Amino acid sequence: MSEEELNELNELRKERRKKLKELKEKGIPAYSEKYERSHQVQEILNNFADFDEDTTISLAGRLMAVRSHGKASFADLADMSAEIQLYAKEDDLGVELYELFASLDIGDHIGVEGTLFKTRRGEITLWIEDFRLLAKSLRPLPEKWHGLTDVELRYRQRYVDLIVNPEVKETFITRSKIIHSMRSYLEEEDFLEVETPLMHTIAGGAAARPFVTHHNALDMELYLRIAPELYLKRLIVGGFEKVFEIGKNLRNEGISTKHNPEFTSLELYQAYADYEDMIEITENIIVQIAEEVLGNLEIEYQGEKIDLSPSWKRMTMLEAIEEEVGVDFSEVDDLAAAKELAAEYKLELEEEDSVGKIINSFFEAFVEEKLIEPTFIIDYPLAVSPLAKRKEDDEDFTERFELFIAGNEIANAFSELNDPLDQKERFEKQMQQREAGDDEAHMMDEDFIRALEYGMPPAGGLGIGIDRLIMLLTDSSSIRDVILFPHMRPEK
RNA sequence: GGGCCAUUAGCUCAGCUGGAAGAGCACCUGACUUUUAAUCAGGGUGUCGGAGGUUCGACUCCUCCAUGGCUCACCA
C-alpha cells in the first residue's frame with residue numbers, strides 16, 4: 001500500500017497497519033501456518049472437571065475483548081463453538097512475548113496453549129503459557145455492546161454480522177439442520193435426490209418472470225429456472241417413482257421481506273400417488289423437522305403462538321372464503337356475477353377473465369393472512385393451476401392444496417396432470433394469455449407434452465418453500481435473515 | 001414501480017425554531033499481576049450519504065440523485 005493510500009485510511013486502520021509493519025520488522029509472521037489445537041472451546045467448558053491443572057491444552061480462535069492490567073491481561077477468545085477467557089501474565093510469558101500479547105487487537109486470530117483454572121469469580125479461564133498470532137485483523141470490529149445493527153451493513157458484510165451477532169450464526173446452523181432433517185426424511189422414504197438444469201430454453205413450472213441470459217457458443221437466449229417441476233416430471237415419465245430436488249429457483253420479480261430473487265425450494269414427485277398423499281408427506285416432514293431441530297411442536301412466530309401438532313386443519317378454498325368473507329362462490333358460476341362481487345368487495349382486478357381467477361383473488365386478498373394455525377387449503381380453481389389434475393367431480397377445480405402457516409404460504413402441491421392432450425390445451429390457453437400481455441403466463445413446452453405422450457403415471461407433486469419454512473422455525477421476520485447473502489444493489 | 005421514513009466518528013446514537021459538530025464503546029498515551037461492559041488520568045480521530053439551491057450564515061430549510069427500511073403493487 002502506498003503512502004497516499006495509507007493516508008486515506010481512518011486512524012483505527014492506520015494504527016493496525018502500523019502494528020503490522022512493526023511485526024514484519026521484528027520478523028514475526030502476521031499470517032502464519034495452520035495451528036494444531038487440542039480442543040474446541042465448548043468441549044473445555046462442558047468438561048472442565050476432567051482437566052487437572054497440569055494438563056496443557058491448546059485452542060485457536062478470534063480475540064473478542066481484552067482487559068489489560070499492566071503486567072497481566074485478560075482476554076476473550078471465540079471459536080465457532082463458544083467463547084473462553086484467557087489469562088496472560090508477563091511472569092509466565094516473558095517480557096517479549098507478553099509485549100506481543102499486549103499489542104494484539106480485537107479481531108486477531110491467535111492460537112494459545114496453557115492450563116485451565118477458575119478465577120475468583122468462578123469463570124473458566126485458560127492460563128496462557130505460549131501463543132502465536134495466526135492472522136492479523138486490519139479493520140476494527142463493531143462495538144461490543146450494541147454490535148452491528150445497521151441492516152444494510154449486516155447483509156452487505158455478513159462476515160462481520162456473523163462475527164459479532166451470535167444469534168445470526170445460530171439461525172444458519174438451524175437452517176442447515178432443517179435441510180438435513182428434510183433430506184434424511186426423504187431418503188428414509190426412498191426418494192431419490194436428483195439435480196435438474198438451472199438453465200432452461202423454456203421457463204416453466206411456475207407463473208413467474210424469468211431471468212434471461214445468453215449462451216455465447218450457442219448464441220442463444222436461456223432462462224434461469226423458475227421451477228424444476230417439468231424436469232422432475234420427465235423423470236417420473238422415465239420410471240423413477242420417487243424423486244426430489246432441493247435447490248435454487250430464480251425469479252425476476254419484486255424483492256420484499258418474503259421474496260428474494262433466488263430462493264431455495266424442495267420439490268418432490270411420487271408416482272401412483274395423489275395430493276392426499278402429498279398432504280400426508282407435508283405434515284410428516286414439517287413435524288419431523290420441528291421435533292428433530294427444535295424439539296418442540298409449539299412454536300412462536302412474531303409473537304403468535306402456533307401449534308404444529310398433527311392433524312392440521314383442512315378446508316377447501318371455497319369454504320375458507322365463505323368462512324372469512326361470507327361469500328359462497330359455489331353459487332356463482334358466471335363471470336359477470338363474479339366481477340360484480342369483486343366490485344362490491346373493492347377488489348382491484350387486472351386481467352381476471354375467469355371466475356376461477358376471481359375466486360383466487362378473493363382468497364389471496366381476504367383469507368391468506370388470517371391462516372395462522374397450519375391449514376391446508378384444498379381444491380384450487382383450474383384457472384390458476386395449469387399443471388394440476390382436475391377434480392373428478394368438478395371440471396373447474398383441481399386436486400391441489402397449499403399449506404399456510406402464520407399467514408404465509410409454505411407448501412404447494414397437487415395431483416399432477418398426466419393427460420397430454422389436456423396439458424397441451426392448457427398450455428395453449430396460457431399462450432393466449434401471454435400474447436395478451438401476461439408475461440407470467442406459462443410458456444408452451446412441446447418436449448414436456450411429448451414426454452407426457454409416452455405416458456406419465458398418476459403422480460403427486462409437492463413444493464416447499466424452504467426459506468419460508470426456515471423463517472417460521474427460526475422466528476425470522478425477513479427472508480433476508482435466513483439467506484446468508486441476500487440480494488442487494490451494488491454499493492455506491 | 002408508488003407512498004412514508006432514515007442516512008452525523010470504526011460501531012451504537014444525540015444534535016431544539018438556521019448561529020463555533022457531540023456522547024458511549026472502540027482507538028491512542030500513561031498507571032494498574034484474578035479482571036469480566038475492568039478501573040483511573042489524558043487525547044476527538046468527522047466529505048454531517050452525494051450534487052445543487054435559499055441565506056450574512058445550512059447537520060438543520062428547498063430540489064434532484066444514491067443506498068437502505070417499512071408498506072402497497074407483482075410474486076413463492
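Table: residues versus (1) farther than 29 Å from residue A:474 by Cα; (2) at pLDDT 95 or above; (3) within 16 Å of RNA strand B (Cβ to nearest atom).
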| residue | (1), (2), (3) |
| --- | --- |
| A:231 | yes, yes, no |
| A:238 | yes, yes, no |
| A:260 | no, no, yes |
| A:272 | yes, yes, no |
| A:276 | no, yes, no |
| A:287 | no, yes, no |
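Quick check, is residue A:484 in contact with a strand residue (DSSP E or B) (Cβ under 8 Å, 6 or more places away or on another chain) and either assigned by TED's automatic domain parsing to the domain that holds residue A:387 or more than 30 Å from residue A:237 (Cβ to Cβ) (or both)?
So residue A:484 fails the test.
Looking only at region A:292-324, count how many residues are of a type in the set (A, V, I, L, M) and part of a helix (DSSP H, G or I).
Of the residues in that region, 6 qualify.
Looking at (1) modelled with pLDDT under 95; (2) closer than 16 Å to residue A:249 by Cα, which one does residue A:462 not meet, given that it meets all the others?
Evaluating residue A:462 over (1) modelled with pLDDT under 95; (2) closer than 16 Å to residue A:249 by Cα leaves (1) as the failure.
Does region A:415-430 contain any residue that is in contact (Cβ under 8 Å) with a residue 60 or more places away in the chain, surrounded by 13 or more Cβ atoms within 10 Å (Cβ to Cβ) and under 28 Å from residue A:314 (Cα atoms)?
Yes: one or more hits.
What single numbered condition from (1) of a type in the set (Gly, Ala, Ser); (2) within 23 Å of residue A:423 (Cα to Cα); (3) buried (at least 19 other Cβ atoms within 10 Å of the Cβ) fails to hold for residue A:239?
Going through (1) of a type in the set (Gly, Ala, Ser); (2) within 23 Å of residue A:423 (Cα to Cα); (3) buried (at least 19 other Cβ atoms within 10 Å of the Cβ) one by one, residue A:239 breaks only (3).
If residue A:213 satisfies all but one of (1) surrounded by fewer than 18 Cβ atoms within 10 Å (Cβ to Cβ); (2) among the β-branched types (Val, Ile, Thr); (3) under 30 Å from residue A:151 (Cα atoms), what's the number of the condition it fails?
All conditions pass for residue A:213, except number (3).
Given the options A:485, A:376, name the one that is in a strand (DSSP E or B) and within 30 Å of the chain's Cα centre (by Cα).
The unique qualifying residue is A:376.
Give A:383, A:411 a once-over and let me know the one that is under 30 Å from residue A:477 (Cβ atoms) and either assigned to a strand (DSSP E or B) or assigned by TED's automatic domain parsing to the domain that holds residue A:445 (or both).
A:411
For region A:164-199, enumerate the residues that are among the charged types (D, E, K, R) and either surrounded by fewer than 18 Cβ atoms within 10 Å (Cβ to Cβ) or on the phi > 0 side of the Ramachandran plot (or both).
Within region A:164-199, A:167, A:169, A:170, A:177, A:183, A:187, A:188, A:189, A:190, A:193, A:195 meet the criteria.
Looking for something more than 10 Å from RNA strand B (Cβ to nearest atom) and outside the structural domain of residue A:455 (by TED's automatic domain parsing) - is there at least one such residue anywhere in region A:201-218?
Taking every residue of region A:201-218 in turn, none turns out to be more than 10 Å from RNA strand B (Cβ to nearest atom) and outside the structural domain of residue A:455 (by TED's automatic domain parsing).
Every residue, every condition in (1) assigned by TED's automatic domain parsing to the domain that holds residue A:37; (2) within 10 Å of RNA strand B (Cβ to nearest atom); (3) surrounded by fewer than 15 Cβ atoms within 10 Å (Cβ to Cβ), yes or no:
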position	(1), (2), (3)
A:78	yes, no, no
A:91	yes, yes, yes
A:94	yes, no, yes
A:104	yes, yes, no
A:107	yes, yes, no
A:110	yes, no, no
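Does residue A:208 satisfy the criteria of being out of contact with any strand residue (DSSP E or B) (no Cβ under 7 Å at 6 or more places or on another chain), surrounded by 15 or more Cβ atoms within 10 Å (Cβ to Cβ) and more than 16 Å from residue A:464 (Cα to Cα)?
yes
What are the residues in region A:127-142 that are in contact with a Phe, Trp or Tyr (Cβ under 6 Å, 6 or more places away or on another chain) and aromatic (Phe, Trp, Tyr), if any?
Within region A:127-142, just A:127 meets the criteria.
Counting just the residues of region A:45-62 that are within 15 Å of RNA strand B (Cβ to nearest atom) and under 32 Å from the mean Cα position of the chain (by Cα), which one comes out surrounded by the most Cβ atoms within 10 Å (Cβ to Cβ)?
Top of the filtered list is A:62.
In region A:360-400, how many are within 13 Å of RNA strand B (Cβ to nearest atom), closer than 16 Å to residue A:275 by Cα and of a type in the set (Phe, Trp, Tyr)?
Selection size over region A:360-400: 1.
Being crowded, with 19+ Cβ neighbours inside 10 Å, within 12 Å of RNA strand B (Cβ to nearest atom) and in the same structural domain as residue A:26 (by TED's automatic domain parsing) is the requirement here; does residue A:65 meet it?
no
Restricting to region A:416-443, count the residues that are within 16 Å of RNA strand B (Cβ to nearest atom) and either closer than 19 Å to residue A:201 by Cα or in a loop (DSSP other than H, G, I, E, B) (or both).
10
Which fully enclosed strands (runs of 3 or more DSSP E) of region A:220-281 have 2 or more residues being of a type outside the set (S, T, N, Q) and touching a helix residue (DSSP H, G or I) at 6+ places or on another chain (Cβ under 8 Å)?
Once the strands (runs of 3 or more DSSP E) in region A:220-281 are filtered for at least 2 residues that are of a type outside the set (S, T, N, Q) and touching a helix residue (DSSP H, G or I) at 6+ places or on another chain (Cβ under 8 Å), what remains is A:242-250, A:262-271.
Have a look at A:246, A:255, A:226 and point out the one that is surrounded by fewer than 16 Cβ atoms within 10 Å (Cβ to Cβ), within 23 Å of the chain's Cα centre (by Cα) and within 16 Å of RNA strand B (Cβ to nearest atom).
A:255
Before we move on, is residue A:326 exposed (fewer than 11 other Cβ atoms within 10 Å of the Cβ) and away from RNA strand B (no atom under 14 Å from the Cβ)?
yes
Are there any pairs with C-beta distances below 7 angstrom linking a residue in region A:8-24 that is in the same structural domain as residue A:105 (by TED's automatic domain parsing) to a residue that is more than 10 Å from RNA strand B (Cβ to nearest atom) and not in a loop (DSSP other than H, G, I, E, B), with the two at least 6 apart or on different chains, and if so which?
Partner pairs satisfying both residue conditions: A:9/A:17; A:14/A:6; A:17/A:6.
Would you check which residues across region A:135-163 are surrounded by 17 or more Cβ atoms within 10 Å (Cβ to Cβ) and among the β-branched types (Val, Ile, Thr) and list them?
Hits for region A:135-163 are A:160, A:163.
The values are calculated or read from the model by the stated rules, or taken from the named source; none is laboratory data. Because the structure is predicted, anything quoted here is derived from the model rather than measured. Glycine gets a Cβ as well: all are built from the backbone with ideal geometry, and neighbour counts include every protein chain shown.
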